[in-house]
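A short write-up of the structure that comes next.
Please treat every number below as a calculation from the coordinates, not as lab data. Here the structure is a predicted model, which is why all the values come from computation and not from measurement. Here the Cβ positions follow ideal geometry from the backbone for every residue, glycine too, while neighbour counts run over all protein chains shown.
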Amino acid sequence: MVRTFAFASIFTVGLAVAPSTGHGAPAGDLDWTGRPITAPDYDPEVIGIGHTDPGLPAFDSPTILFTNFDGADLNSGCGNDPRNNCSVLSFQFGGKILPYSGDAAERASIVQAVRKDVEDFGVIVLGERPPDNQPYAMVLVGNSAVGGVSEHGFAGVAPTIDCGNTNPYITSFALEVGGVNSMATVINQEAAHTWGLEHVNNPADNLHPVSGGHPDPKYTDSCDKIVANTDLDPANGQCNAVHTMFCNAGYQNSYQEMLALFGPPIPDDVAPSVTIDNPGEGDVLDCPVEFDLVVTLDDDRRPQTMSTTIYLDDQEVLSGLFIDSTLSFPVSGGIAPGMHTFRVEIEDESGNPASAEVNFEVATNPGDPMCAAAPDPTDGTTAGDVGTDGGTDGGTAGANGGSDEGCGCRTSHGGPAGPMGAFVSCLFVGVAIRRRRGA
Ligand SMILES: [Ca+2]
Ligand SMILES: [Ca+2]
Ligand SMILES: [Ca+2]
Ligand SMILES: [Zn+2]
């Protein structure tokens, strides 16, 4: 699938996936404050250390958290194994979880927020299904065939409390509550139940059973009282064999338990990849130019939000955050005859860099005054000059539809309205970027 962006949407997408603005509300945002996160009337089966024989713990064993936004037909009668979309809760959901309603950028934002909460632990968060032989917990993220949180009366549910995570392969559920950090809390909490963590009376902890008490709960490094329900009634705790490694019985330190279970983080030291698919190396383009700059970004950990900067002849013309995908930027006019170079530099979420470069030529065209010949580098119409000019009077260019001659903008489409559009259109050496809906 090719994703196409006009400049306006480039920056919209960029903001939508920016970690610092990760509280943007996906579609269907709800006021879910003070409501149960995990189904209050469902008693999960307690398994693992102290409950299931032999119940061997999995300390210092990294795992994968598969956040499945794609929906699934659930199978019953096969336990809770995510490898076959099995769940003993299938009946609750009419046998089906629907795909998450938000788009790829929203999904990537949620994955980033989930990653942030487990960044100190050996938990790799992916949005695509791992191979069967790699241990993974799956959280199905989306509403069910029955409905959403309003119909179900809860934001999520897990089938088990697995003390010591004796079985990594367990499916749990997070319904759509709106808000990136809220979704991340529900996802973390349901997965954590399948890892042996219980509810605690600390609104700043991901295991607090009531929503809305904290903008961005974490796994907190404190001994918090285990509670029985959303009224926060104290409870003795089911997994004290693990809890008492760090706290008194009846208390839980979720941070230390996560660290003990999964060990330290598995760093992402694999560089992302970037290719420029169009134009091709050595292509000779007619003037005025009319083509799509097509760029493909990828990474070993998908979805991945990549910091991306595009240069034309060493001048930055665009920067933003993009997820792994094929991106298409329509370019129309504004590149003078002569040799040119596009370079794309990216970094994955862990700062691993990659870059790609393509050299192309714009041919002269005596029939068009803007294309008659390569500009004289001393006459003030070089790319460098254009960039400087664009930075100072971009507002004017935006106001008059991007036709500022000082900018060399040849667009008849007009840049996106407002200062950002002008900023962009002029920095892009007058290249007009028009909106086109993605395929
Ligand atoms: Ca487990
Ligand atoms: Ca959080
Ligand atoms: Ca990577
Ligand atoms: Zn819960």
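Tabulated data for the structure shown
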| item | result |
| --- | --- |
| Residues whose placed amide H lies under 5 Å from that of ALA271, excluding near-sequence neighbours | none |
| Net length gained if the chain between ASP216 and ASN84 were fully extended (0.36 nm per residue, minus Cα distance) | 44.3 nm |
| Relative contact order %, segment 22-262, counting alpha carbon pairs below 8 Å whose residues are six or more apart | 26 |
| At R0 = 35 Å, FRET efficiency that the Cβ-Cβ distance of ASP120 and THR326 yields, to 0.05 | 0.55 |
| Highest-first arrangement of 161-168, 363-370, 325-332, where packing means the average Cβ count within 10 Å | 161-168, 325-332, 363-370 |
| Beta bridges per DSSP with both ends in segment 22-262, % antiparallel, nearest 5 | 35 |
| Segment GLU361-MET339, extension gain: residue separation times 0.36 nm, minus the distance between their alpha carbons | 7.5 nm |
| Amide proton proximity set for ILE161, modelled H, under 5 Å, gap of 5+ | GLU45, VAL46, ILE47 |
| Within segment 276-316, GluC sites (Glu not before Pro) in DSSP loop having at most 15 other beta-carbon neighbours inside 10 Å | GLU281 |
| Local net charge near ASN253, Cβ-Cβ under 9 Å (Lys/Arg +1, Asp/Glu -1) | -3 |
| Cα-projected label distance for VAL270 with ASN229, points at 7 Å along beta-carbon direction, nm | 4.7 |
| Chain lengthening between ASN75 and ASP283 when straightened (0.36 nm per residue, less Cα-Cα) | 69.6 nm |
| Inter-label distance for ASP132 and GLU316, nm, one decimal - labels placed 7 Å from Cα along Cα-to-Cβ | 4.8 |
| Span from the segment 175-215 Cα centroid across to the segment 316-378 one, whole angstrom | 45 |
| Residues with amide H under 5 Å from that of ASN278, placed H, sequence gap 5 or more | VAL294 |
